[in-house]
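Sharing a structure below in structure tokens format, with a few things to ask.
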Amino acid sequence: MSQLINDPKFIARLQSGDNSAFKSLIGTYHSKLLIVARAIAGDVFAEDVTQEAWASIYKAIGKFEGRSSLSTWMIQIVSNEAKSRLRREKRHSSYGDVSDIGQGVDPDAFDSSGHWSNPPAHWDINTPELMLQEDQLRQCIEHTLTVLPENQKAVFLLRDVEQIDLNEIADTLAISQANVRVLLHRARLRLMMTINHYQETGEC
């Protein structure tokens with residue numbers, strides 16, 4: 001589905017008002033947009049923000065020009081909705097856990113392309129993105145993602161799944177690039193621990 005949504009034919013269906021295509025889009029991307037909403041606006045407003053974002057996406061899809069991927073365009077919409085809600089509620093999002101990188105987090109563990117500078121032992125694949133393609137590891141990775149803090153999960157999904165530029169992620173989540181990198185390293189290292197444990201023991 002992630003490849004399908006950038007298919008001009010699928011986008012044309014969305015823009016023509018094809019409800020089945022829009023339902024497929026919601027089924028695939030609702031959870032990801034909800035994660036972004038939670039990372040920015042918090043749990044209290046996340047569901048409302050995401051619903052508002054879907055309404056905005058539905059109304060604006062006819063104006064989508066393909067200057068970015070459809071997923072990036074939708075993520076920007078939910079980000080804007082979340083920030084607008086925060087302004088209305090006079091609240092501020094909190095990224096408190098980025099102030100201290102913590103023990104065991106090496107800021108040079110990954111290069112700018114997302115490859116490991118020094119791949120961990122036991123790993124046969126050196127990028128988190130390719131790890132997600134390994135069926136035997138998928139269940140463990142998905143479980144780990146469910147227990148990550150929302151801001152770490154949002155950054156990981158935006159960078160390593162959606163392949164969005166770090167600068168754009170910083171703008172989307174309204175945090176600095178340095179904080180984006182810290183959150184990304186934390187998420188990747190948590191996954192590294194999960195995958196190393198799986199490869200050593202065969203268990204999540």
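Using a Förster distance of 30 Å, how high is the FRET efficiency between ARG138 and LYS9, based on the Cβ-Cβ distance and rounded to 0.05? Walk me through the numbers before you get to the answer.
Numbers: r = 28 Å, r/R0 = 0.94.
With a Förster radius of 30 Å, E is 0.60.
Using θ = phi - 60° and the Karplus relation 6.51 cos²θ - 1.76 cosθ + 1.60, list the HN-Hα couplings for segment 6-22 in order, rounded to whole Hz, with x at every Gly or Pro.
Per residue, the Karplus-derived 3J(HN,Hα) values read 9, 6, x, 5, 5, 4, 4, 5, 4, 6, 8, x, 6, 5, 5, 5, 5 Hz.
Round to the nearest 10 and report in Å² the accessible area of GLU203, as given by a 1.4 Å probe over the protein chains' heavy atoms.
Result for GLU203: roughly 120 Å² accessible.
Let me ask you something else. At a 1.4 Å probe radius, which order do TRP54, TRP73 fall into by accessible area, largest first? Mind dumping the intermediate values first?
Working: TRP54 15, TRP73 50 Å².
Highest to lowest solvent-accessible surface, that is TRP73, TRP54.
Now a separate question. How big is the equivalent ellipsoid of segment 4-94 along its three axes, where each semi-axis is √(5λ) from the Cα gyration tensor, reported in whole Å from largest to smallest? Present the calculation step by step, with values, prior to reporting the outcome.
Numbers: eigenvalues 127, 28, 23 Å².
For segment 4-94, the semi-axes come out at 25, 12, 11 Å.
Tell me the relative contact order for segment 1-79 as a rounded percent, counting alpha carbon contacts under 8 Å between residues six or more apart. List each step's numbers first, then the result.
Working: 52 pairs, mean separation 27.1, N = 79.
34 percent.
The values are calculated or read from the model by the stated rules, or taken from the named source; none is laboratory data. Computed from a prediction, not measured in an experiment: that's the story for all the values here. Ideal geometry is used to build each Cβ from the backbone, glycine not excepted, and the neighbour counts take in all protein chains shown. Only protein heavy atoms, including side chains, enter the accessible area calculation; ligands, DNA and RNA are left aside. Shrake-Rupley method; radii C 1.70, N 1.55, O 1.52, S 1.80 Å.
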